[in-house]
Each structure stands twice: as C-alpha cells, then as structure tokens.
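Participant: Pasting a structure below so you can have a look.
The values are calculated or read from the model by the stated rules, or taken from the named source; none is laboratory data. Nothing here was measured: the structure is a model prediction, and the numbers come from that model. Methodologically, a virtual Cβ is constructed for each residue, glycine included, from the backbone with ideal geometry; neighbour enumeration extends over all protein chains shown. For the accessible areas, the whole protein counts, side chains as well, though only heavy atoms, and no ligand, DNA or RNA atoms are used. Shrake-Rupley method; radii C 1.70, N 1.55, O 1.52, S 1.80 Å.
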Amino acid sequence: LSICRFSATMWSIKHNAHHATTNVMGMDEDLSGGPFLYLWGPDPKNDKPWRQFQHLYVAVLFSLLHALWRFDSLKVSWNNRLWAELIPIIVHYVAMVALLGPKTFGLGVLFGGFVMANIVTTTHQSEELFEDFQHDWVTSQFQSTRNAVTTNPFSEWLWGGMQYQIEHHLFPTMPRYRYPDLVPKVKDFAKKHGISYRESGEMDMIRQNFDT
C-alpha cells in the first residue's frame, strides 16, 4: 500500500472499523454526517444552510476522496513515525510529479477519487443506517450492503471485486477472485435464513445513490 501512496496502518484502522461497524452512524467513518455531505438529517443546531444544495456539489466531494485518504496516510505515518510507510509514500509523490507533472498528477488523483467514490459509496449509502451497534453482525452486513450487477467485462474489471460487496464484507480476507464462486453459497445462506440478498444494476445503484 505504501508504495502505492497509502499508509497500510491508516488503511487497516479505517477499513477494519468500517467492516466492524458498517453503516452505524457516528461509528463508521465511511458515512458522512457533515458538515459538507449529509447522509441523514442532522440535529437542527448542527445543520448547515448549504445542505439543500449538496446534490449539486457532491461530485466535487467525491473527487476529493483519494486526496483525503492520501492526507490521512501522511498524517498517520508522520504522527506515528512509521518510516517504512512514509518513505515509500514520499518516493511515490516525487516519482509521479517528476514523470507526469503536477497538473496531470493532480487531475489523476481527482479523477481516481471520483471513480473510487462512486464504486465504494453506492454499495452502502442507500441501504439501512443504524443508530446503534448491531450485535447480529452477519444480518447487519446484508442489511447495509448491496452488490452491483456488472454488464460488461470492462465494468467487471473497473469495480475490482467491489461489485461483490456482500461477499467482501462477510469474508474480508478472502481473495477477490474467489467472490464469484462464493455468490451462490451466500445467496443460499440468505434464503435459508430469510435474509434479503440485495443486488442491482450498476447504473441503477449510482442513480439511487445520487437520489439518497
């Protein structure tokens, strides 16, 4: 991860917390409760006048996702003196700016953030949000997650295994290439236990996410 611009420590902390507390408001850092993007109505005293316009600028916020992760990576690596992570990250920046130039590199970060945000947010943000920690962890993963049905080989590649988000959340350490084989088993499990297995077309999910 470090050679690819992210701190492994930062990612482990952030992503493990997301998997343990998926869609739990105030606990899952992947859910935005403001001040620029709100996924639920805030307490009136914490509301902002620009919330009514967030559908107009959400694409800009999505574009900043990779930049935010990069900043957090530098912050965690520096604050904890994780030189084995920080040095490769710095080397990455120097190499990318030297090879691509600041403008192209910056645009690449923004474009990558926009694509990534549309992939990772659509599988959760339109599903159930929980006010409290869910002790039935397995059921909560089904309730808070939706798979994307890709329609062509390019989309299958672009989603990078995140189209199988339910399987990823239930078995986060499993190699992603195994997820397609796991889908029928997870569907059978859900049917046996009366749990909804949620999946939608990729464009339908993006539209639903925007509406949310």
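Participant: Hey, can you grab everything whose amide H is under 5 Å from the amide H of V149? Only 5+ residues off in sequence or another chain; H modelled, so Pro and N-termini drop out.
Facilitator: S200, G201, E202
Participant: Subtract the Cα-Cα distance of Y197 and E128 from 0.36 nm times their separation in residues, and report this length gain in nm to one decimal.
Facilitator: Additional length available on full extension: 23.5 nm.
Participant: Which percent of the accessible heavy-atom area of region 1-76 goes to carbon and sulfur, probe 1.4 angstrom?
Facilitator: The computed percentage sits at 66.
Participant: For the chain, how big is the tail of P(r) above 22 Å, as a whole percent of Cα pairs?
Facilitator: The answer is 56 percent, as a whole percent.
Participant: Could you state the number of Å between the C-alpha centres of region 20-42 and region 55-93?
Facilitator: 20
Participant: Right, here's the next one. What's the ranking of 132-139, 60-67 by average number of surrounding C-beta atoms within 10 Å, highest first?
Facilitator: Peptide ranking by packing, descending: 60-67, 132-139.
Participant: Now a separate question. Find how much the distance from Y38 to L99 grows on full extension, using 0.36 nm per residue of separation minus their present alpha carbon separation; answer in nm with one decimal.
Facilitator: Residue separation times 0.36 nm, minus the Cα-Cα distance, leaves 18.2 nm.
Participant: For region 117-198, compute the orientation-averaged projected area of the C-alpha convex hull (one quarter of its surface), in nm².
Facilitator: 5.8
Participant: Within region 83-120, which residues have the backbone N less than 19 Å from the label spot 7 Å out from H55 along Cα→beta-carbon, could you tell me?
Facilitator: Residues 118 fall inside that zone.
Participant: May I have the count of lysine pairs in the chain with C-alpha atoms under 30 Å apart, counting pairs 8 or more residues apart or located on different chains?
Facilitator: 8
Participant: With contacts defined as alpha carbon pairs under 8 Å and 6 or more residues apart, what's the relative contact order of the chain in percent?
Facilitator: In percent, rounded to a whole number, it is 23.
Participant: Another question about this same structure. Only residues of region 159-201 count here: report those whose backbone N is under 18 Å from the spot 7 Å along Cα→Cβ of T150, or say none.
Facilitator: Residues 159-169, 174-184, 199-201 fall inside that zone.
Participant: Which ³J(HN,Hα) values, rounded to whole Hz and listed in residue order, are derived for region 66-82 from phi using the Karplus coefficients 6.51, -1.76 and 1.60 in 6.51 cos²θ - 1.76 cosθ + 1.60 with θ = phi - 60°, glycine and proline given as x?
Facilitator: Couplings: 5, 4, 5, 5, 5, 4, 4, 5, 5, 5, 5, 5, 6, 4, 9, 6, 8 Hz.
Participant: What span do the alpha-carbon atoms of region 1-100 cover on each of the three principal axes, reported in whole Å from largest to smallest?
Facilitator: Principal extents (largest minus smallest coordinate, Cα): 45, 33, 20 Å.
Participant: Still on this structure: What number, rounded to the nearest 500 deg cm²/dmol, is the helix-based mean residue ellipticity at 222 nm of the chain, given -39500 (n - 2.57) per DSSP H run of at least four residues and division by all its residues?
Facilitator: For the chain, the value works out to -18000 deg cm²/dmol.
Participant: Also: Enter the accessible area per residue of the chain (Å², integer; probe 1.4 Å; all protein chains in place).
Facilitator: 58
Participant: Now a separate question. What is the extension gain from A20 to N80, computed as 0.36 nm multiplied by their sequence separation minus the C-alpha to C-alpha distance, in nm to one decimal?
Facilitator: 19.2 nm is the gain from fully extending A20 to N80.
Participant: Once amide H atoms are built 1.01 Å from N in the peptide plane, which residues 5 or more positions from F130, or in another chain, come under 5 Å H to H?
Facilitator: V24, M25
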